[in-house]
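Each value in this text was obtained by applying a stated rule to the coordinates, not by laboratory testing. It should be emphasised that the depicted structure is a prediction, and the values quoted were computed from it without experimental measurement. Reconstructed Cβ throughout: ideal geometry from the backbone, glycine too, with neighbour counts over all protein chains shown.
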Amino acid sequence: MTEVLKVDPLYPELDKIKKAASVIKAGGTVVFPTETVYGLGANALDAEAVKKIFIAKNRPMDNPLIVHISNIDQLYEVAKDIPEKIINIVKIVWPGPLTFVLKKTDKVPKETTGGLDTIAVRMPAHPVALALINESDVPIAAPSANLATKPSPTKAEHVIDDLFGKVDVVLDSGETFFGVESTVINVTVDPPVLLRPGPFSVEELERIFGKIIIPEQAKGTGEFSVALAPGMKYKHYAPTKKFLVVENRGILRDVIKELREKGYRVVFLCAHEVCKQFQEEKIEIIELGSENNLYEISRNLFDSFRKLDKSNADIGIIHSVSERGIGLAIMNRTRKASGFSSIYSIEDVWKYVGN
Ligand code: TXA
Ligand code: MG
């Protein structure tokens, strides 16, 4: 049985938080909102509780979880040998959408970290998440609350579609804010390595750390044999439709025209400004928001992927956006969702689609 509780995102009702916290303490699972996406949480220090997360999501056991904390004491509970510089940085950037990979303490069971001796930690900037961790009085391990093959959930209805009956409680606080998962950075090495771009931008990271390593994979411009983060070797979102990323805007019209001429039903995922240019084409459109505000696009991105899956089109087309700020995370998730089907010329289309 799954209990769904509506919780005010800014002023969480204490009785509901206490109810959910009692489930965490008893070794159960609670889905809760964060400022990025919804998380599927359990007591990070309880191996049996953590196993339930992997089972509910159908997640490979070697893909480690992010541990969520609500105060700095909990950081010392789960991580050790933390450089002084990093302590100073987390005190500035937390709570927020930045996850640090650090060395783990013995208190954290290996189930939580997928067998690794490092741990990913963050303090989420969401009143409901912070209240839940506080009341539970334990660090909460939580991957995104989707089935392993689906996009991360940005609305409670996504969670319910994927996990109803598989988790104990869902705290429904409406839409999440950023809509893409947190930035992950490995600070056990110097210079630090960006493992996953997110709302905390590369530009901000460089201001804080000076030099950081940004592997090509962080952009999502290619598959790779050795995974930087264990999660990277798994395809996060397997669309039921073909999904192409047109990186070269100049050929958008031709790509869509040729596909339609070949009899494909195309749905176009586009920024408001671009959609407008295709009004006359009588093409099915899923609007992503304004290009002048990439936060709007990041917030709608995963919902648009789910809409694409539910539409009766054969092929989804999306165009690229700027890689500045949160744009890098948008392009990373988009390229991955497409199975790295980036289109630069018309010929590229026929590499991915039957001619
Ligand atoms: O915004 C977020 O980060 C959301 C919310 C719920 O906080 N959580 C999230 O978790 O996206 P998840 O499990 O879907 O993604 C965690 C990523 C995975 O790619 C995983 O492989 C990587 O972080 N990761 C976790 N622990 C790691 C470690 N010790 N070393 C390297 N990568 C790690
Ligand atoms: Mg995930």
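Couple of notes before you dig in:
- Dipole magnitude for the stretch 41-183: about 360 debye, using +1 per Lys or Arg Cβ and -1 per Asp or Glu Cβ, origin at the Cα centre.
- From phi via Karplus (6.51, -1.76, 1.60), per-residue ³J(HN,Hα) for the stretch 43-56 in Hz, x at Gly/Pro: 4, 5, 9, 10, 4, 5, 5, 5, 4, 4, 5, 4, 5, 4
- Length released on extending from His272 to Glu157, taking residue separation times 0.36 nm less the Cα-Cα span: 39.0 nm
- Fewest neighbouring Cβ atoms within 10 Å first, the residues Val37, Val321, Val78 line up as Val321, Val78, Val37.
- Largest GNM mean-square fluctuation across Asn43, Asn186, Asn312, computed for the chain with C-alpha springs under 10 Å, falls on Asn312.
- Cα-based helix-to-principal-axis angle, 294-310 vs the chain, degrees rounded to 10: 70
- When only the Cβ of Lys, Arg, Asp and Glu is charged (+1, +1, -1, -1), the dipole of the chain relative to its Cα centre reaches about 600 debye.
- When all alpha carbon pairs of the chain are counted in 10 Å bins from zero, the resulting P(r) reads 5, 25, 33, 23, 10, 3, 0 %.
- Residues considered: Ile185, Ile119, Ile214. Largest GNM mean-square fluctuation over the chain, using C-alpha springs under 10 Å, is found at Ile214.
- Once both labels are positioned 7 Å from their Cα atoms along Cα-to-Cβ, the gap between Phe340 and Lys262 label points is 2.1 nm.
- For the pair Glu48 and Glu175, a Förster radius of 25 Å applied to the C-beta separation gives a FRET efficiency near 0.20, rounded to the nearest 0.05.
- In this simple spin-label model, placing a label point 7 Å from the Cα along the Cα-to-Cβ direction at both Ile72 and Gln279 gives a separation of 5.5 nm.
- Per-residue Cβ neighbour rank within 10 angstrom, fewest leading, Cys275, Cys270: Cys275, Cys270
- Figure legend: label point modelled 7 angstrom from the Cα of Asp254 along Cα→Cβ; residues of the stretch 265-292 with amide N under 19 Å from it are 278.
- Ranked by the mean number of other Cβ atoms within 10 Å per residue, highest first, peptides 10-16, 175-181 order as 175-181, 10-16.
- Length gained when the stretch Tyr352-Ile87 is fully extended (0.36 nm per residue, less Cα-Cα span): 90.8 nm
- Pairwise label distance in nanometres, Ile214 with Thr105, each label 7 Å out on the Cα-Cβ vector: 3.5
- Residue-averaged [θ]222 nm for the chain, counting only DSSP H segments that reach four residues, each worth -39500 (n - 2.57): -9500 deg cm²/dmol
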